Amino acid sequence: GYSIPPNYDSLIGKLIVHGRTRNECLMRLRRALDEFVVAGIDTTLPLFRALVREADIQNGIYDIHWLEQFLERAARAEAAG
């Protein structure tokens, strides 16, 4: 029943993974995100679960505009039904 006051940082938790290679880190991140549970409030977990499965993210093919374009494509796909 607790409400996070708006005058506090929205960061309520931080997930950090490590591994010997980028691929190992991504695999651990995917598993950790799938197991991460936060109840009672909306979180960005669904977004991060989707992002870690994107080929561009897995292959390191992204730039500062990538997320914006990804979100625009997702919005268009959702609007199209």
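The values are calculated or read from the model by the stated rules, or taken from the named source; none is laboratory data. Note that the structure is predicted; figures quoted are calculated from it, not measured. Note that each Cβ is placed from the backbone with ideal geometry, even for glycine, and that neighbours are counted across all protein chains shown. Please note that ligands, DNA and RNA were not included when accessible areas were found on the heavy atoms of the full protein model with its side chains. Shrake-Rupley method; radii C 1.70, N 1.55, O 1.52, S 1.80 Å.
Starting from 0.36 nm per residue, how many nanometres of slack lie between D63 and F36 once their C-alpha separation is accounted for?
7.0 nm
Under unit Cβ charges (Lys, Arg +1; Asp, Glu -1), what dipole magnitude, rounded to 20 debye, does the chain have relative to its Cα centre?
360 debye
Could you work out the longest stretch of the chain that avoids the trypsin sites (Lys or Arg not before Pro) located in DSSP loops with at most 12 other Cβ atoms within 10 Å?
In short, 21-52.
Report the full-extension gain for the segment E24 to E54: residue separation times 0.36 nm, less the Cα-Cα distance, to one decimal in nm.
Result: 9.2 nm gained on full extension.
Tell me, which longest segment in the chain has none of the chymotrypsin sites (Phe, Trp or Tyr not before Pro) that fall in DSSP loops with at most 12 further Cβ atoms within 10 Å?
Excluding the exposed sites themselves, the longest stretch runs over 9-81.
Can you check how the C-alpha radius of gyration of region 25-75 compares to 2.2 N^0.38 Å, as a plain ratio?
After normalising by residue count via 2.2 N^0.38 Å, the value is 1.23.
How about region 7-65: which GluC sites (Glu not before Pro) there lie in a loop by DSSP and see at most 15 other Cβ atoms within 10 Å?
For GluC sites (Glu not before Pro) across region 7-65 that sit outside H, G, I, E and B with at most 15 neighbouring Cβ atoms in 10 Å, the list reads E54.
How much accessible area per residue does the chain have, counting only protein heavy atoms and a probe of 1.4 Å, in square angstrom?
Computed with neighbouring chains in place, this is 84 Å² per residue.
Any idea which of L67, S3, A39 is furthest toward the positive side of the dipole for the chain, if Lys and Arg beta-carbons carry +1 and Asp and Glu beta-carbons -1?
Of the candidates, A39 comes out farthest on the positive side.
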